[in-house]
Amino acid sequence: MPKYDCLIVDDEEALSQSTCEYFNMFGVKTFWAADEKDCFDFLAQNKADLILLDINLGKSSGFEICKKLRNATSIPILFISARTSDDDVLLALNIGGDDYIQKPYSLNILLAKVKTVLKRYRGHIDILSFGNFKIDFVMEKLLDSDGEVKLKSMEYKLLAYLIQSKNRTVSKEELFQNVWRDTITGDGTLNVHIRRLREKIEDNPNEPYYIKTVWGTGYVFETD
């Protein structure tokens with residue numbers, strides 16, 4: 001099942017699209033749904049770790065959607081609304097909302113809130129081990145029994161992204177957008193970085209155990 005960081009449920013198309021594009025640009029994989037039907041259709045086929053939910057959604061209400069979601073999931077739900085009454089805020093929180101953010105919102109502040117909630121919800125991991133290696137996400141270093149394994153900046157970013165997406169196929173397009181932060185990086189550049197990483201972490205780079213190629217799609221970092 002495809003996995004997203006954030007689902008925006010809001011019928012304001014221009015605002016939602018710009019928020020979606022901004023979040024994706026900064027590595028928070030986001031999808032937009034315009035109404036209740038689109039929301040539940042999406043969740044039937046995909047997984048999201050957080051939902052940004054408007055209150056006024058045409059014929060449906062964000063309050064009712066929240067109640068239905070709370071019967072099935074405990075993921076964070078952040079209400080986003082131009083409604084400012086205390087009654088609306090209290091109702092949103094009492095039915096299972098985790099926060100209430102008023103419109104108009106600042107994209108960078110909203111992104112910071114979302115990242116903080118995602119970090120708390122997932123449980124932040126400072127160090128992750130695989131095989132004889134440890135990756136330190138705070139110091140941004142790869143370590144083995146002999147000390148630090150020297151990685152160039154982009155090699156570390158690529159490895160960290162793959163590890164954080166472990167056991168999930170990551171497309172080349174996703175890596176271009178979220179690691180290089182552009183869509184013009186070519187396959188050749190990616191292939192070189194993958195080869196260099198394999199040479200540093202694989203016993204046999206030609207038969208990789210960790211970073212495996214999914215032909216025609218991208219790569220997957222596999223761990224037990």
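The values are calculated or read from the model by the stated rules, or taken from the named source; none is laboratory data. Fair warning: this is a prediction, and the values are worked out from it, not measured in the lab. Because the Cβ atoms are built from the backbone with ideal geometry, glycine has one as well, and the counts that use them run over all protein chains shown.
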*Given Leu52, Leu69, which one is touching a strand residue (DSSP E or B) at 6+ places or on another chain (Cβ under 8 Å), closer than 23 Å to Val89 by Cβ and touching a residue at least 40 places away in the same chain (Cβ under 8 Å)?*
Leu52
*Does Ile109 satisfy the criteria of being of a type outside the set (D, E, K, R) and assigned to a helix (DSSP H, G or I)?*
yes
*Residues in the range 74-83: is at least one more than 15 Å from Leu52 (Cβ to Cβ), at pLDDT below 95, surrounded by 15 or more Cβ atoms within 10 Å (Cβ to Cβ) and of a type in the set (A, V, I, L, M)?*
no
*Only residues that are under 18 Å from Ser129 (Cβ atoms) and free of Cβ contacts under 8 Å to residues at least 24 places away in the same chain: list them for the range 198-207, please.*
Glu202, Asp203
